[in-house]
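S.K.: Quick one: the structure is below, and I'll ask about it shortly.
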Amino acid sequence: MLTAPVLHLAKKLILDFTTNASDRPLIVQFGAHSSTDFARAAEMVKPYTDGINLNCGCPQTWAIQEGIGCKLIQQPQLVKEMVRAAKDRCGEDFCVSIKIRIHHDLRETVDFVKIAEGSGVDYITVHGRRRSQKSSEPVNLEAIALVKSAVGVPIVANGDVFNLEDVEKIVGVTGVDGKFLSVIRVPRGSGKPECWVPFGSWLPVPDKKYLNI
Ligand SMILES: Cc1cc2nc3c(=O)[nH]c(=O)nc-3n(C[C@H](O)[C@H](O)[C@H](O)COP(=O)(O)O)c2cc1C
């Protein structure tokens, strides 16, 4: 996650963001709480990426204090404005997604994704834990299923994925259409992201059944 609130310092982004031609598909994630910052950040990385993601899921105290990450799940209208601003700046075809955690009251999560959907967001990744939950607690797959049933936008399930059997279980329990589901996780302790992506035309990735990066 790159923090966008300081993106008026263009040099800061250039220092933080490096990539190369083989680093594809590439979605760059930002932590931001301003439409202007998010849209400018999107515009700056657009030439080098397949899409951007707004982090609405980071549970860390410093992020909440800065008004980014998980704090944004309390501000659906702001998130809608931020996605819209990025789309307006970069074009409708540029992939803009968000990643959220679930609320204590799942009705808030449903309301949130419905409002977010109205922004034109390309997909929503749902980490099935609340802000206060530890990663040792199981992910709430029923909550992800509830979200999936409430909206038409593609939903990406996130959390508690260790192998392809887990992927298949998640697809089964959440009711998410397989071609619309991917699961991205950082294995605990390794720091190396892994990504399983059943193909779907909504995601700017090569047409492979599973990527493991
Ligand atoms: C050290 C660490 C750093 C992480 N940083 C990010 C991050 O910057 N953005 C993000 O969306 N998720 C981040 N995550 C969360 C993972 O991407 C993912 O949501 C999570 O590992 C999946 O849930 P699991 O703990 O059940 O595997 C991080 C996780 C860890 C352990």
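S.K.: Trp62: net charge of surrounding residues, Cβ under 14 Å, Lys/Arg +1, Asp/Glu -1, itself excluded?
M.R.: Cβ neighbours under 14 Å give a net charge of +1.
S.K.: What net charge do the residues around Leu72 carry, taking every other residue with its C-beta under 15 Å from that of Leu72, with Lys and Arg at +1 and Asp and Glu at -1?
M.R.: +2
S.K.: What is the ratio of the Cα radius of gyration of region 2-162 to 2.2 N^0.38 Å, with N the residue count, to two decimals?
M.R.: 1.00
S.K.: For Gln75 and Thr61 in one chain, what is 0.36 nm times their gap in residues minus the Cα-Cα distance, to one decimal in nm?
M.R.: 3.3 nm
S.K.: For Asp50 and Ser135, calculate 0.36 nm times their separation in residues minus their Cα-Cα distance, and state this gained length in nm to one decimal.
M.R.: Extra length available between Asp50 and Ser135 comes to 27.7 nm.
S.K.: Taking the Cα centre of region 1-143 as origin, work out the dipole magnitude from +1 charges on Lys and Arg Cβ and -1 charges on Asp and Glu Cβ, in debye rounded to 20.
M.R.: Charge dipole of region 1-143: 300 debye, to the nearest 20.
S.K.: Once phi is turned into θ = phi - 60°, what whole-Hz ³J(HN,Hα) does the Karplus curve with 6.51, -1.76 and 1.60 give for every residue of region 77-86, x standing for Gly and Pro?
M.R.: These are the phi-based 3J(HN,Hα) values: 5, 5, 4, 4, 4, 5, 4, 4, 4, 5 Hz.
S.K.: Hey, can you grab everything whose amide H is under 5 Å from the amide H of Thr125? Only 5+ residues off in sequence or another chain; H modelled, so Pro and N-termini drop out.
M.R.: Ile98, Lys99, Ile100, Val156
S.K.: Amide H to amide H, which residues 5 or more places from His103 or on other chains are under 5 Å from it, using H placed in the peptide plane?
M.R.: Amide H neighbours of His103, under 5 Å, 5+ apart: Thr109.
S.K.: Here is a further query. What does the extension gain come out to for Thr36 and Asp23, with contour length at 0.36 nm per residue minus their alpha carbon separation?
M.R.: Extra length from Thr36 to Asp23 when fully extended: 2.0 nm.
S.K.: Among residues other than Gln133 whose Cβ falls under 13 Å from its Cβ, what is the net charge (Lys/Arg +1, Asp/Glu -1)?
M.R.: Once all neighbours under 13 Å are counted, the net charge is +3.
Quick note: the coordinates plus some simple rules give every number you see, no bench work behind them. Note that the coordinates shown come from a computational prediction; the quantities given were computed from them, not determined experimentally. Cβ coordinates were reconstructed from backbone atoms using ideal geometry, including for glycine residues, and neighbour counts include every protein chain displayed.
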